[in-house]
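All remarks here apply to the structure that follows.
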There are 2 protein chains.
Amino acid sequence: MPSRFELANAIRALSMDAVQKANSGHPGAPMGMADIAEVLWNDHLKHNPADPTWPDRDRFVLSNGHGSMLLYSLLHLTGYELSLEELQNFRQLHSKTAGHPEYGYAPGIETTTGPLGQGLANAVGMALAERTLAAQFNRPGHAIVDHHTWCFVGDGCLMEGISHEVASLAGTQRLGKLITFYDDNGISIDGEVEGWFTDDTAKRFEAYGWHVVANVDGHKPEEIQAAIALAKTQDDKPSLIICKTIIGFGAPNKQGKEESHGAALGEDEVAAARKQLDWPHKPFHVPEEIYQGWDAREAGSARQADWQSRFERYAAAYPSEAAQLQRRLKGELPAELGGEKLIQQAQEAGESTASRKASLACLNALGPQLPELLGGSADLAPSNLTFWKGAKAITPEATDGNYLHYGVREFGMAAIMNGIALHGGFVPYGATFLIFMEYMRNAVRMAALMGTKAIYVFTHDSIGLGEDGPTHQPIEQLTTLRSTPNLATWRPCDAVETAAAWNAAIKRHSGPTALVFSRQNLAHQERSKQQLANIQRGGYVLKASVRKDKVVTPDLILIATGSEVGLAMDAAAELEGQGHAVRVVSMPSTYRFDGQDEAYRENVLPRAVTKRLAIEAGHRDFWYKYVGLDGDIIGMSTFGESAPAGDLFKHFGFTVANVVARATALLG
Amino acid sequence: MPSRFELANAIRALSMDAVQKANSGHPGAPMGMADIAEVLWNDHLKHNPADPTWPDRDRFVLSNGHGSMLLYSLLHLTGYELSLEELQNFRQLHSKTAGHPEYGYAPGIETTTGPLGQGLANAVGMALAERTLAAQFNRPGHAIVDHHTWCFVGDGCLMEGISHEVASLAGTQRLGKLITFYDDNGISIDGEVEGWFTDDTAKRFEAYGWHVVANVDGHKPEEIQAAIALAKTQDDKPSLIICKTIIGFGAPNKQGKEESHGAALGEDEVAAARKQLDWPHKPFHVPEEIYQGWDAREAGSARQADWQSRFERYAAAYPSEAAQLQRRLKGELPAELGGEKLIQQAQEAGESTASRKASLACLNALGPQLPELLGGSADLAPSNLTFWKGAKAITPEATDGNYLHYGVREFGMAAIMNGIALHGGFVPYGATFLIFMEYMRNAVRMAALMGTKAIYVFTHDSIGLGEDGPTHQPIEQLTTLRSTPNLATWRPCDAVETAAAWNAAIKRHSGPTALVFSRQNLAHQERSKQQLANIQRGGYVLKASVRKDKVVTPDLILIATGSEVGLAMDAAAELEGQGHAVRVVSMPSTYRFDGQDEAYRENVLPRAVTKRLAIEAGHRDFWYKYVGLDGDIIGMSTFGESAPAGDLFKHFGFTVANVVARATALLG
């Protein structure tokens, strides 16, 4: 029977070997945290390598994602489908073992990590999802949702601001089943952290209401064991276990130094480490008894089988709950959602309203069908209008709610949403002003990268927000969203397109959606049945070009989104009065439009019609994509100003007169 | 003599009147913090309303910027050039009294605030600048730089992650002259904060090494006075004074509630507040004796005159120091900078190197001439290569350094840089990987909005960073930077353009500059004297289109930046070999290129030449602006992958073969 130290050394050896072979990577964290990981994975982690999607598994998040070889080693050693060959292909194209753990690349990777601090936030989201799902579905004697979330963090994670946001919220929410290990090795890339990081971290987390186990020797299994036991007894506080470790433990000349952090140790040092660790085996060779010591397949299958039989008893006793839970865990929508009906009804109602208000109406209509919705706002609920009629705040006392008051924590919110979505059972939506997308920006990108189903409600979408002024007025933000791969962005022009946008967001399973709404009222637009159907295509002809009552090839196309569609329609009417055949294209989602086939796109924007004028109260440059060098753009190229919205639209040229003038110039 | 309460009520009345008149704004914070502000401004703040640029004034930052009427009232009452009429035009177009305090709009506004938490970061930057400048210039008996930085923060600021980053660093740096007041009113937009914000804030800040004065009644001047006195005795710790306040104090039916936070109180409630506060005056009327109680002009002028005479004694004793200090405070560059020489030398050296390495060479060359450079990196100095030969870390023990180890705190870094730049005397530069621009994104935007001279060093600029993979590979980030108004972005193609970019950044006084550098080597490009000069124009013809040894109108233009310029040059050579006249345009800065006159731009990109192929390892859509709908773009439209850089460039089509193929297709 191998010793714990020998088992841990398998992680160290695989990590340093893989980094050495790739001549790229981070051996320090895996070698430093190997002993902690060994105790956690061998004695505590509830998982089944044969089924990485088992819903009631514990979640494990490596927030210090640069230590990816730690995770890959663990997955390989415990029996996941991750071969030695994959480990040998660390950081190579098409391998499952990317530089940082990438969700979907290898089984058992619960989330993509690397951008520091976000893994901790994901873990908070997972722990919140677990508690909420348990509260919604568990019944007396049937604890079918009951697992822990474990997280590793490094110094970098704890310096990042997002760690404050999510640790604070986790404390307030009393997430007792979240247990985090801090790899307190005193080293970051610039060197010894005491020059830039002198927090009393234990005290800081106690201030958040966490249970802190401090001064654990991260290389002594018995101390780690005792700390975990203590943490597990804490039902109503998240735990932070502060482990003193030596970065690069085992590399005799580089351990404890920055040199072991982010580069291959070098052949000589790897050899020296083998001696130091008494690990005489060849590179990438793990002796059979070590594999046996790690193998978690049998225990994992037994655990899952036990859960399965418990779940069946639950399903027998609570069939509708079980069916709903299974549906939600699969990410399937209810059969009768009524999204199309909602669009139809909005068209019939013909209401002119702010799209943020229309959004609330959508939530009120769809919410009752979608118990998986887990909403929230970063302290702007009364402005974002996201607290719908059926919303109920999640608190430590009311854990079965469906709405989180995230507080003024945009970045934390978006990264927690990723954790909630990855956990499963929920579709998170979260709101803030469009401009504060910037605070949460990288978590939105991570959602797009991972393909999580997160829905962002971004209100106050332009200079139209008025008096709050340039700090609050988005200019370049739409461009950023639209330039993000795999992010579906919608900026609807009225209540009808708003319903279509929500419908599309709910039905999208391959990635996040950004819904961009106005603060101010937007005029309702009339549509034919075909036009109504075409909204889903992202861009469509809202007004045909007409001359002498006949639809003709347009002399000019106006392209607009959101609040500028009404303006385009008014300008088109005036231009038509002057004898010009003007088409208006409403383009609520360039993402969707770009995904249409060539024929449809040509139909909406015929190549032959080069006189095109795009109108949007966002940064103008984005629109060259659709108007080319022969067209024109009425957009923003400066920051906004503080004034009532009407004054601002006039000041920046969003008037019928200006559109007509610029169109006339184009028409020549 | 009016009482303190009456003086404070002038703030309350002006604030509620202005918000009422605009029917927009935030009365709650000004009314809640009026008593604190009154004590601070009347008894402690060292300033001179007649000269808001006096270098040794105290700095005052309203981090909860939505309470702008608090600041406008203070400026008006104490005698700054901010008339009652301006207060009556609160939140109107072209007024000085924007919805949030906008730097440069009214005298006495030290920074633009509104996006929460950043004001605190600015204040940390100002306090750091003060201490560093003092250490560099003060001499025994000559404390010519010696002032406090005061900051007001609300619950929102303290929930934001950035508050963690900067408070932690301020504690580590022991910034004893930073004194912050926390408006602990228990209310945020979603309601009573106890549902989402339960931090023990005193304990949290103690964990950062701050001196905390807790449980101060923010409506009792004598308690505020005592707390300030205590804070001023702390030389080596920043102070947090936690003031219990009532939001909207004085509005009988709305105080203490969210209703008073972000909307006009309403005529009835304003009238009721007048009664409650015993303030019988008409709207916007301030009695003369109240004005007298506030007037800070005489005392301010005396203070400044005293400083001026002390400065003159200093100048007599230390003429060269005084001259340098004056130059730096004016934001002027030394007469002999040698930026052009540097470009010239780089061209002559002809070295092929990574642009991040070329950047370090620039710092080594320019640094000794520029003692105002205050560098730093968010814990990536060995990768960003920003710690130049003359860099010296700023620590509590070595306060006269010129380099900050910011730790893993990107957002904090960028917002601190804004504070440093606004304080004066320094040109801050700060570095991280380009992808982590996203963590600091909104502070970069704030720099552009305010026009602060901040220089960002963004290295690892594309998939060219290789193995770290998609989380670390920028795609859409260049588009975001280039779409930000007033931000000058450079992505140089070799050491020569790198020198030109640094030279431009140093010489730009109207806003920030983003320098985007490669991790990997870039081939040196040959240039004529004219080409060398043209780099400053942002885009220029690097290779003329030649047929039979004659320069001819190009059949096709290749446009590229950074690492793709070398690729374009190689492809052009191959295309030329096939008989095509191909021009290569290097476009290191679209910002600079767009600022050239029409004739120059037409010369580089003649309208008649519609066959254009842009090549950049960033998001493709940006380039429609220069190639239109008749051109083509080789760029990224997906996320990257983890692999060696060479494999990735090949995988994503950045090869001579692909450029030639796509060019050939365009040529038809």
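Rule-based calculations on the coordinates, nothing more; no lab input. These figures come from a predicted structure and were not determined experimentally. Virtual Cβ from ideal backbone geometry, glycine too; neighbours counted across all protein chains shown.
Principal-axis analysis of the Cα atoms of chain B puts helix B:297-317 at an angle of about 50° to the longest axis. Neighbours of residue A:346, meaning other residues whose beta-carbon lies under 13 angstrom from its beta-carbon, give a summed charge of -3 when Lys and Arg score +1 and Asp and Glu score -1.
Take every residue in peptide A:636-642, count the Cβ atoms of other chains within 10 Å of its Cβ, and give the average of those counts. Spell out each step's value before the answer.
Numbers: counts 2, 4, 3, 7, 2, 8, 16.
Taking the mean over all residues of the peptide, I get 6.
Among A:410, B:616, a tally of other beta-carbon atoms within 10 Å of each Cβ gives an order, fewest to most, of B:616, A:410.
Between the amide H of residue B:151 and those of B:61, B:179, B:180, B:181, distances stay under 5 Å, these residues lying 5 or more places away or on another chain, with hydrogens modeled in the peptide plane. For peptide B:106-118, the mean count of partner chain Cβ atoms within 10 Å of a residue's Cβ comes to 2.
Each residue of the range B:83-89 is assigned a 3J(HN,Hα), and the resulting list reads 6, 4, 4, 5, 5, 6, 9 Hz, derived from the Karplus form 6.51 cos²θ - 1.76 cosθ + 1.60 (θ = phi - 60°), x at Gly and Pro. With label points set 7 Å from Cα along Cα→Cβ, the inter-copy distances at residue A:5 are 7.3 nm, sorted shortest first.
Relative to the longest principal axis of the Cα atoms of chain B, the long axis of helix B:68-78 makes an angle of roughly 60 degrees. What angle, in degrees between 0 and 90 and rounded to the nearest 10, separates the Cα long axis of helix B:319-330 from the longest principal axis of the Cα atoms of chain B? Helix B:319-330 sits roughly 80 degrees off the main axis of chain B.
Across the identical copies, the 7 Å label point of residue A:338, projected outward along Cα→Cβ, sits 7.6 nm from its counterparts, in ascending order.
How much net charge surrounds residue A:253 when only the other residues with a Cβ under 9 Å from the Cβ of residue A:253 are counted, with Lys and Arg +1 and Asp and Glu -1? Can you show the working numbers first?
Numbers: positive: A:254, A:257; negative: A:259, A:268, A:269.
That sum, taken over residues with Cβ under 9 Å, equals -1.
The fewest-to-most ranking of A:258, A:160 by surrounding Cβ atoms within 10 Å reads A:258, A:160. Take each residue in B:477-484, count the other chain C-beta atoms within 10 Å of its C-beta, and the mean is 6.
Place a +1 charge on the Cβ of each Lys and Arg in chain A and a -1 charge on the Cβ of each Asp and Glu, then give the dipole magnitude about the Cα centre in debye, rounded to the nearest 20.
Values: 61 positive and 78 negative charges, 411 e Å.
My answer is approximately 1980 debye.
The phi-based Karplus calculation (6.51 cos²θ - 1.76 cosθ + 1.60; θ = phi - 60°) puts the 3J(HN,Hα) values of the range B:509-518 at 10, 9, x, x, 10, 9, 9, 10, 10, 8 Hz, whole numbers, x for Gly and Pro.
Ranked for footprinting exposure by Cβ neighbours inside 10 Å, fewest first, A:601, A:441, A:328 give A:601, A:328, A:441. Once the other residues with Cβ under 11 Å from the Cβ of residue B:110 are scored (Lys, Arg +1; Asp, Glu -1), what is the net sum? That works out to +1. Beta bridges from DSSP with both residues in the range A:4-301: antiparallel share about 15 percent, rounded to the nearest 5.
Within chain A, what percent of beta bridges assigned by DSSP are antiparallel, to the nearest 5? It would help to have the intermediate numbers written out before the result.
Working: 10 of 62 bridges.
About 15 percent, rounded to the nearest 5.
Over the range B:509-621, what is the percentage of antiparallel beta bridges among all DSSP beta bridges, to the nearest 5? Roughly 35 percent of the beta bridges in the range B:509-621 run antiparallel, per DSSP. Any idea how far the Cα center of the range B:74-91 sits from the one of the range B:607-621, in Å? Each part reduced to its Cα centre gives a spacing of 50 Å.
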